[in-house]
Amino acid sequence: MADAASIARRDARFGTDLRLLGDLERAEQRERGSDLRTAVRPETSGTDLQRLIGVPDLQQALLLRFLTEQGELAHLGHPDYGSRLHELIGEPNTETTRNRAKLYALQALQAEPRVARVQSIEVRTQRSRPNRIDISASVLTIDSDTPLNLVFPVQLDGGTP
């Protein structure tokens, strides 16, 4: 078990950010323009912006990387940030499409400097949702032997997951 000092060092390396996504496990909330989250501050009972520290910050960062079209931030100096998963919208749910999803997710995960190694990526389809694929990834992060697991839904028909 990690001591408080090692957790603080890891959290410092992973960073702190404002919370932009509601569901850090499945990225189900994706509406643009509704991205700042608030919470009641226990000390003052006032409202403040929510922050993410450490592993949850990295989890959000990975999901935001998947949600961002590669090249979308080029005008801000980040031409390679994001993923190519948006290219799958309109594609049929075939083995080729699922393999492309796996490749695009792997490329995005490997571009994140806080990810030490991608352990696994699986792409699945639910029979009840044939126009959607779920990308499940397990990654090892810097300074940790505990895998971080993510599930990212991709709606092939462009609708809401």
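A few notes on this one:
- Glu43 closer than 17 Å to Leu21 by Cβ and of a type in the set (Asp, Glu): no
- Only listed residue being among the small types (Gly, Ala, Ser) and at pLDDT 80 or above, chosen from Ala2, Ala8, Ala61, Ala27: Ala61
The values are calculated or read from the model by the stated rules, or taken from the named source; none is laboratory data. None of the values given here were measured: they were computed from a predicted structure. So basically every Cβ, Gly included, is an ideal-geometry build from the backbone, and we count neighbours across all protein chains shown.
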